[in-house]
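Down below is the structure, laid out as structure tokens.
The values are calculated or read from the model by the stated rules, or taken from the named source; none is laboratory data. Quantities reported herein were computed from a predicted structural model and do not represent experimental measurements. Cβ placement follows ideal geometry from the backbone for every residue including glycine, while neighbour counts extend to all protein chains displayed.
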Amino acid sequence: GGNSASGNSSQSTGNTNNEAGAKDGKQVVTFWHSMGGAGQETLNSIVEDFNNSQDKIQVNAEYQGTYDESLTKFNAVAGTDSAPTMIQTFEIGTMSMINSGNIIPIQEFVDKDGYDMSGLEGNITNYYSLDGKFYSMPFNSSTPVMYYNKDAFKKAGLDPEKAPETFEEVEEASKAIVKSNPNMKGFALQAYGWLWEQLLANQGALLLNNDNGRTDTPTKIGWTEKEGKSIFEWVKRMVDDGTFANYGTNGDNMVAGFLAGDVAMFLQSSASARDVIDNAPFEVGIAFLPYPEDQERQGVVIGGASLWMIDGKPKEESKAAWEFMKYLQTPEVQAKWHVGTGYFAVNPAAYEEEVVKEAWAEKPQLQVTVQQLQSTKSSYATQGALMDMLPQGRKIMETALETVYNGGEVDQAYKTAVQQFNDAIEQANKARKK
Ligand SMILES: O=P(O)(O)OC[C@H](O)CO
């Protein structure tokens with residue numbers, strides 16, 4: 001996916017024609033995205049299919065770096081002629097996009113067109129529908145899963161068909177791995193705020209108060225000390241055991257380490273499923289996210305990104321982008337997207353398509369990601385948090401995690417992070433009131 005830490009450095013942008021307006025009688029749509037690797041290949045192929053399917057609209061898909069990088073570029077050109085027609089923005093950018101005044105809510109197109117959004121996956125609607133209104137078009141939805149090396153499990157005397165389910169089971173399995181192969185670590189957790197948020201939600205914990213910002217503007221953090229610390233303490237135990245692989249914030253290095261047999265388990269977006277399964281010289285298992293054994297598994301929050309219509313473009317151009325957005329929702333396109341990447345089909349009718357059935361038979365791991373989403377218990381915790389300071393909150397948790405990876409004490413790192421997180425919430429509220 002397009003996350004800040006594991007973003008892929010691919011520079012291929014497909015068609016780089018960036019001129020707005022009509023071209024050869026065609027309406028040109030400029031689409032900024034953050035898909036690297038298999039995501040980029042699959043997206044380019046879908047865009048090509050769309051362009052070939054009709055002769056009125058030409059979509060130019062342009063890779064703009066990670067979600068963070070793309071948003072920074074966008075903020076620099078918003079309101080000018082260089083702004084794209086539409087942009088893919090990560091889920092935690094939702095509130096800042098809405099507050100920016102730079103977008104046209106998708107709901108306006110839905111209403112004008114009488115377009116039916118009821119076919120969307122319920123968890124995805126839960127995340128993106130605010131007071132019954134869609135501001136952006138759901139497109140690439142993911143959640144993290146646990147990837148593991150089945151061959152290494154066998155070698156360590158572990159059952160490759162039964163992945164560890166709890167934090168404690170992950171620790172036990174990690175010890176067995178290191179014992180059977182001193183050159184391999186047991187487990188890696190990229191210092192990535194998104195993963196920390198998901199491990200929190202899986203315990204039923206809120207990230208922000210006021211029901212994760214779903215019923216009112218948050219005023220402070222929503223998790224308890226026990227919930228928040230459990231993740232740090234778990235990692236700390238593995239650091240102390242010598243079973244933890246420290247890749248810091250670098251997701252690319254972590255995946256490379258897994259593929260090279262340096263570590264047996266890691267957490268990462270389902271978006272990486274095809275890249276990981278296809279590139280591993282061993283059998284890859286995919287499993288649900290772990291949780292502390294004294295809690296019950298609650299499930300995951302929708303991650304990934306959605307598509308935003310940029311305000312201030314000629315009407316015909318926005319209308320053309322809307323046609324493309326609708327095309328992306330069709331079962332055929334969503335089926336191709338799911339099997340080519342590991343992202344969900346936002347339109348679950350896609351799972352009935354032949355290409356999905358074949359892919360699931362051949363790579364059953366792909367289906368585990370969908371099962372984890374569909375077995376998620378609906379609550380404010382798993383609906384996910386909304387606030388404009390969330391990207392900043394992620395950075396705070398990443399710094400705290402890295403401190404612990406590098407030998408720091410949990411109590412101090414945790415306390416500092418909570419303080420900074422609450423400060424960020426307060427500052428964001430003040431800034432908006434100005
Ligand atoms: O890498 P992705 O696209 O699965 O997205 C992960 C996070 O939700 C981004 O905020």
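One table, with the values for the structure above:
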| item | result |
| --- | --- |
| In segment 222-249, the residues that are among the aromatic types (Phe, Trp, Tyr) and part of a loop (DSSP other than H, G, I, E, B) | Trp223, Tyr247 |
| Criterion violated by Glu353 - all others in (1) buried (at least 18 other Cβ atoms within 10 Å of the Cβ); (2) touching a Gly at 6+ places or on another chain (Cβ under 7 Å); (3) charged (D, E, K, R) satisfied | (2) |
| Residue list for segment 62-89, restricted to those being assigned to a helix (DSSP H, G or I) and surrounded by fewer than 18 Cβ atoms within 10 Å (Cβ to Cβ) | Glu69, Thr72, Lys73, Asn75, Ala76, Val77 |
| Residue that is modelled with the lowest pLDDT [pool: residues in segment 34-64 that are in contact with a Lys or Arg (Cβ under 6 Å, 6 or more places away or on another chain) and within 16 Å of the ligand (Cβ to nearest atom)] | Ala38 |
| Boolean, Ile92 is out of contact with any strand residue (DSSP E or B) (no Cβ under 8 Å at 6 or more places or on another chain), part of a helix (DSSP H, G or I) and crowded, with 21+ Cβ neighbours inside 10 Å | yes |
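Residues are listed down the side, and each one gets a yes or a no for (1) within 25 Å of Ala385 (Cβ to Cβ); (2) crowded, with 19+ Cβ neighbours inside 10 Å; (3) within 16 Å of the ligand (Cβ to nearest atom):
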{"site": "Gln268", "(1), (2), (3)": "yes, yes, yes"}
{"site": "Pro281", "(1), (2), (3)": "no, no, no"}
{"site": "Met309", "(1), (2), (3)": "yes, yes, no"}
{"site": "Ala321", "(1), (2), (3)": "no, yes, no"}
